[in-house]
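Q: Take a look at this one; I'll ask things after.
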Amino acid sequence: MKRVMFVCKRNSCRSQMAEDYDVVISLCGCGGNLPDAWISREVFEDWQLDDPDGQPLEVFHRVRDEIKEKVVQLIQKLTFD
């Protein structure tokens, strides 16, 4: 079983509390600003999703759908690696 940590620059405290992860996913394009230990994991991806905070509900739905699609792809990737 792989352990996945999702990080975002607006989640700078809680993300670091995650234990012992194999996969790191940056949600906001902040991959270049993350610690080397995070980006050198078995799998690192920088998804660069829009932040829906303060946006219309349609933006939340679009970002939600993008995350779902990417998570499904990630599961497939991890299953076949």
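The values are calculated or read from the model by the stated rules, or taken from the named source; none is laboratory data. A quick note: this is a predicted structure, and the numbers were derived from the prediction, not measured. Note: ideal-geometry Cβ built from the backbone for every residue, glycine included; neighbour counts use all protein chains shown. What goes into the accessible areas is simple: the full protein's heavy atoms, side chains included, and nothing from ligands, DNA or RNA. Shrake-Rupley method; radii C 1.70, N 1.55, O 1.52, S 1.80 Å.
Q: Pull up segment 1-53, narrow it to residues that are modelled with pLDDT under 75 and among the hydroxyl-bearing types (Ser, Thr, Tyr), then point me to the one that is nearest to residue 78 (Cα to Cα).
A: Ranking the candidates gives 15 first.
Residue by residue, here is whether (1) under 19 Å from residue 2 (Cβ atoms); (2) open to solvent by less than 30 Å² (accessible area, probe 1.4 Å); (3) part of a loop (DSSP other than H, G, I, E, B) holds:
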position: 53; (1), (2), (3): no, no, yes
position: 65; (1), (2), (3): no, no, no
position: 70; (1), (2), (3): yes, no, no
position: 73; (1), (2), (3): yes, no, no
